[in-house]
Each structure stands twice: as C-alpha cells, then as structure tokens.
Ligand code: NAD
C-alpha cells in the first residue's frame, strides 16, 4: 500500500543538513556560509570538553562557550545564556549536544533571532523541529514557532559514538516514537509517512549493531539518519497518546525523558494497534511480529532498553494520578482514550509486561 492521501499540506523551512564523519570540524565553513563572525558554542556541563573543541576549531569565529544547558530548558538558564551571548557579542549559535542543549539554542534564538547551527549527539530529534519546551516555576509548556527551527544541522557519527549504550537505546526509542505516532497522525502526508517508515527501518537495521559495537561508525551513521528522519516527522505532524503520556510522566513525576519514551512506546502503539491497523502494519513488518506493540516490546527487550516504569523510579501509588493527569484534557488519538484504559496501560508499563 502506498502512503498517498488525497489531501495534504507540506511546508519546509529553509534548512541545510550535512552528514559525515568529522563534520564537527567543519562548523567554521557553515558559520562563514551564514555570513557570521562570532559563534557562541552551547553545551551541557557534561559535554563542555566537546564544546571547547568546537570553539577551538572555530578560531577567530568563536565567541567562546556557554556550558550551562540543562534538561527541560529552564527560562532562568535561557536568560543567563542570552545575557552572556550579548556580552560576548555573539552573532550566531552552535549547539553541540542532545535535546537539552538544542532546546537552549532554540530558546535563545526565539528571543534574539540569532541563527543556529546544531550538531546533535543523541537521537532525540529536536534539531529537526520548530518545537520548544520550556520550564518556568516548575511548569513545562511547549510552543511551536518557526523562529526556533535551526538553520543548519550537521550530523557527525563520531560524536554520537560516545553516547553510552543505555542512553543510546533509550534515545533511539525516543526517536522511533516520533515516527510510530507520525504514521497515524491526523495531518500526516505521503512524505511524512515515507520518512517515518524509513526512519524506523534505519533503526531496525542498525541499532542492534550499535549495541554490539558502539564504535561502529557505519551503524552509528545509519541510526543518526534514522534520528533525522524521525525528528523531521515530529516537526511536521501532530503526536498523540504516546507523547501525551511521556509529557505527563516527565513533567509531573520527573521521570527521565528518553527512558520514559522507551518504556511507554510498545504500550502506546499496542493500545492504538487496532484503531490504526493499516497505518501501523509497517511497524509489525519491520520489527517482525504481527502485533506492532509486541514487535516494539521484543525489539526493546533485544537491545536492552528499560522495560518498566518501576525501574525508572515511579511509585505504583502514582499511577492513579498519572492516569488522571494524562486524561484531564481531551486530545486526538486514533483510539478514544478513557481513564480506565490509560490506568491499565500504565499498570502494564509499570510492571514491564509485554503489551496485551
Ligand atoms: P539530553 O540532551 O538531556 O542529554 C542527556 C545527557 O547525555 C546530558 O548530560 C548530555 O550532555 C549527555 N550526552 C548527550 N550526548 C552525548 C554523547 N554523545 N556522549 C556523551 N554524553 C552525551 O538528552 P536528550 O534525550 O537528547 O534530550 C532531552 C530533552 O530534549 C528534553 O528536555 C526533551 O523535552 C527535549 N526534546 C525536545 C524536542 C523538540 O522537538 N523540541 C524533541 C526531543 C526532545
């Protein structure tokens, strides 16, 4: 079955994407291409060395490093970074890291209009979207604004090769979740479905090779290719139950982002399998099981992903409240959502059972 749909809208921002080993050493070319002279390099404290390396390769085009990015993009950190960017006279940003660092770059760009060059080191996919989640006074809100979309993305498999295997598998399932939910999105289009399918296939082909040999650059490249495709799907179409549940568990119970996606994905897709049978058939075909939720669960098991919310530290007593929060406001999902259904789904995910 082709992915043709009779009505669709596709809109692309001006985006340049480059792939290749060693790409992190070619950032100066891209700064020059944008016509800029002073790039501020952003990272988390943990990746400050990688950021300093980038700043060195930029030479006179470097405005130094701000290594203060943290998870969930707190507005206070953005304001500090913004003031720093002004003080050092930065005229563009280079974000090297995962979704936390990329989120900081987007938050600065939103407020300053500075161009962004992003060098992703996880599979989360934020670089491919105009979406920004920010936290203020303990509340995370999400906005969609073209001003947050990075101008240039440079994928370097040598950088992602340092991602520890446990984070690698969780981050990959985080990416795959964008594609899996993109397949049944209400506003999907033929290209988003093609990209979702190809993104899932890239992870199916290469992720087990990465787990067996984390330094395998060919396999790392193919997984990064998958991350780009899956992230692009996230940027183009709406998400549903899976992302809602992960947002609830991350936002209200402080569960870790990528690992939560890894645990929930087989359950959310299993829940929607009957209502979106045609759209999800490709998931079963790619991962080798007629039931798409079970196919993803077995894949997660094979690559050593976390399988239970219990293992992530969620208390069983919190499941009622999680189900209540996740169903408090109505949202579209291929299968209508009731609180009792979601409570049962969360119970299975908490115990780490295979989806029914
Ligand atoms: P992260 O950016 O928080 O990274 C986790 C940790 O791993 C950090 O300490 C980081 O420095 C380290 N790390 C990253 N890459 C590494 C590497 N190659 N080697 C060694 N260490 C490395 O994790 P994430 O899962 O990429 O991002 C999560 C955040 O991104 C969340 O806040 C989430 O909401 C956001 N996100 C946003 C979007 C979007 O479109 N807006 C999409 C996906 C995720």
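Between 0 and 90 degrees, rounded to the nearest ten: what's the tilt of helix 257-272 against the longest Cα principal axis of the chain?
Value to nearest ten degrees: 30.
Using label points projected 7 Å from each Cα along Cα→Cβ, tell me how many nm separate residue 328 and residue 147, to one decimal.
Rounded to a tenth, the inter-label distance reads 2.8 nm.
How far is helix 165-183 tilted off the main Cα axis of the chain, in degrees rounded to 10, range 0 to 90?
Helix 165-183 sits at roughly 70 degrees to that axis.
Mark the label point 7 Å from the Cα of residue 186 along Cα→Cβ and return the residues of region 294-334 whose backbone N is within less than 14 Å of it.
Residues 330-334 fall inside that zone.
Connecting C-alpha atoms closer than 10 Å in a GNM of the chain, tell me which of 63, 212, 109 has the biggest fluctuation.
Taking springs between Cα atoms under 10 Å, the residue moving most is 212.
Can you give me the C-alpha center-to-center distance between region 117-132 and region 163-242, rounded to a whole angstrom?
For region 117-132 versus region 163-242, the Cα centre distance is 13 Å.
Given the options 211, 41, 88, state which has the largest fluctuation in a GNM of the chain using a 10 Å cut-off (strictly under) for Cα springs.
88
I'd like the orientation of helix 99-112 relative to the chain: the angle between its Cα long axis and the longest Cα principal axis, in ° from 0 to 90, rounded to 10.
The angle comes out at about 60 degrees.
Can you tell me how the chain classifies by the Cα gyration tensor, rounded, prolate or oblate, using a/c under 1.5 as the rounded cut?
Taking the square roots of the gyration eigenvalues as a ≥ b ≥ c, the chain is prolate.
Pick from 263, 77, 233: which is most flexible by mean-square fluctuation in a GNM of the chain where alpha carbon atoms under 10 Å apart are linked?
77
First measure r as the distance between the Cβ atoms of residue 29 and residue 275, then evaluate 1/(1 + (r/R0)^6) with R0 = 45 Å and state the FRET efficiency to the nearest 0.05.
It comes to 0.40.
Rounded to the nearest 0.05, what FRET efficiency is calculated for residue 290 and residue 136 with R0 set to 35 Å and r the Cβ-Cβ distance?
Efficiency for this residue pair is about 0.20.
Tell me, what is the percent relative contact order of the chain, built from C-alpha pairs under 8 Å that lie six or more residues apart?
Over the chain, the number comes to 14 percent.
Throughout, read-outs are computed from the coordinates displayed, never taken from laboratory work. In this text the structure is predicted, and so the values were computed from the model without any measurement. Positions of Cβ are backbone-derived with ideal geometry, glycine not excepted, and every protein chain shown enters the neighbour counts.
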